[in-house]
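Quick notes on the structure that follows.
The values are calculated or read from the model by the stated rules, or taken from the named source; none is laboratory data. Bear in mind the structure is a predicted one, so any value in this text is a computation, not a measurement. Cβ coordinates were reconstructed from backbone atoms using ideal geometry, including for glycine residues, and neighbour counts include every protein chain displayed.
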Amino acid sequence: MSYLIKGFSFIVLIFCSCSNDDEILKKINLLPNYPSASGIEYLNNHVYIIGDDAKYILILDSNLAIKDSITLYSFPKKKIPKAIKPDIESIAVTANNKLLLLGSGSVAPYRNAGWLIDPISKQKDSLSLDSFYYRLKANGIDEINIEGLCHIPGYMAITNRGNKSYRKNMLIITKNDFWTNQANAPISLIHLGTNTDSTVFNGVSGLAYSAKTDKLLITVSTEDTRNNIDDGTIGKSYLWIVDNISSKKKWKAINPTTIVDLEEVDSRFKGQKIESVCILQEDEKSFTLLLAADNDNGSSTLFTLSLSKD
């Protein structure tokens with residue numbers, strides 16, 4: 001276990017646990033010492049969390065108790081400064097059960113980086129994503145801001161978040177090993193969602209894929225920001241669900257089949273900037289989801305949600 005876990009007490013505080021089966025929000029977990037949760041993934045009964053200015057991956061067990069960590073960067077303070085942070089915003093399980101992490105690409109060269117990590121051995125391979133991100137710009141994404149990532153059969157789906165000045169959310173479909181051949185990996189761009197209200201912008205922030213139902217789950221949040229670098233006042237968060245995503249990989253535009261207003265689901269989502277989602281469990285009737293929130297205050301929050309598939 002890493003020096004981080006050995007060196008000091010690092011507590012997950014559970015401040016809500018709902019026993020009523022009718023409640024959709026089942027549990028809230030505060031991570032007071034883990035900053036800026038931006039991506040979350042579930043693999044082999046472990047939850048892996050990344051933060052866009054954090055130095056390490058945080059590892060939880062299936063009960064959301066802290067078990068371990070994987071150090072990514074050496075830095076003396078809790079948070080890596082904004083000017084040089086790698087801005088790791090997304091994480092996904094690859095086809096061979098490794099963890100792929102991507103920087104946002106919003107500031108070169110610091111944010112054009114990524115990692116490929118074996119979660120068992122903790123072997124880490126750093127990635128330079130300059131070539132792939134350059135091609136995204138050449139293909140029409142003027143402002144790169146990679147926020148979400150997930151594996152769908154044979155492919156990787158990546159989200160690029162827009163803002164109030166650049167009002168385009170894009171879903172990028174490419175090969176499931178695109179980083180190995182960045183110059184030639186196929187790139188398909190799909191406009192994602194609609195934003196008809198000029199006073200707000202619903203920016204995509206995270207992705208998860210259900211192989212059992214072929215649904216794409218997308219976290220979305222409003223934030224008063226007009227560029228791909230700065231944070232802004234936190235608004236509302238949503239969960240978008242796209243049905244039958246495998247048949248839509250070559251579409252030019254996709255709207256969500258279902259929109260879940262999280263604040264309407266439970267008032268405790270008010271003021272929470274949801275950054276990512278992963279599937280903990282699913283059966284024929286429902287999902288158990290884990291959502292991660294970064295509220296720009298140096299801590300992170302997890303929400304366990306039970307959502308009907310109907």
Hey, among the residues in region 158-191 that are touching a Phe, Trp or Tyr at 6+ places or on another chain (Cβ under 7 Å) and of a type in the set (G, A, S), which one's modelled with the highest pLDDT? A185
Of the candidates L116, L72, the one satisfying the condition of being in contact with a strand residue (DSSP E or B) (Cβ under 7 Å, 6 or more places away or on another chain) and either under 17 Å from M156 (Cβ atoms) or without any contact (Cβ under 8 Å) to a residue 24 or more places away in the chain (or both) is L116
Residue check, K273 against (1) modelled with pLDDT of 95 or more; (2) of a type in the set (K, R); (3) crowded, with 17+ Cβ neighbours inside 10 Å, all met but one. Which one? (1)
Would you check which residues across region 78-105 are out of contact with any strand residue (DSSP E or B) (no Cβ under 8 Å at 6 or more places or on another chain) and more than 24 Å from V47 (Cα to Cα) and list them? P81, K82, A83, I84
How many residues, within region 104-114, are surrounded by 24 or more Cβ atoms within 10 Å (Cβ to Cβ) and not small (G, A, S)? 2
Name the single residue, out of those in region 163-188 being touching a residue at least 60 places away in the same chain (Cβ under 8 Å) and more than 22 Å from N96 (Cα to Cα), that is surrounded by the fewest Cβ atoms within 10 Å (Cβ to Cβ). S165
If you take the residues in region 276-310 that are within 15 Å of V47 (Cα to Cα) and not hydrophobic (A, V, I, L, M, F, W, C), which one is surrounded by the most Cβ atoms within 10 Å (Cβ to Cβ)? S276
Sole residue being under 16 Å from N63 (Cβ atoms) and either more than 19 Å from the chain's Cα centre (by Cα) or modelled with pLDDT of 50 or more (or both), chosen from N45, N20: N45
Which is surrounded by 21 or more Cβ atoms within 10 Å (Cβ to Cβ), β-branched (V, I, T), modelled with pLDDT of 90 or more and assigned to a loop (DSSP other than H, G, I, E, B), of I80, I57? I80
Check L101, L25 and return the single one that is modelled with pLDDT of 95 or more, of a type in the set (A, V, I, L, M, F, W, C), surrounded by 17 or more Cβ atoms within 10 Å (Cβ to Cβ) and farther than 18 Å from E147 by Cα. L25
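Can you name the residue in region 40-54 that is among the acidic types (D, E) and over 17 Å from N97 (Cα atoms) and, of all such residues, is surrounded by the fewest Cβ atoms within 10 Å (Cβ to Cβ)?
Of everything passing the filter in region 40-54, D53 is surrounded by the fewest Cβ atoms within 10 Å (Cβ to Cβ).
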Considering only region 206-214, I want to know if a residue exists there that is touching a helix residue (DSSP H, G or I) at 6+ places or on another chain (Cβ under 7 Å), among the polar types (S, T, N, Q) and over 23 Å from A293 (Cα atoms). no
Being within 21 Å of D294 (Cα to Cα) and of a type in the set (K, R) is the filter here; which residues of region 232-276 pass it? K236, R268, K270, K273
Restricting the search to region 174-205, which residues are hydrophobic (A, V, I, L, M, F, W, C) and touching a helix residue (DSSP H, G or I) at 6+ places or on another chain (Cβ under 9 Å)? F178, W179, A183, A185, I187, L189, I190
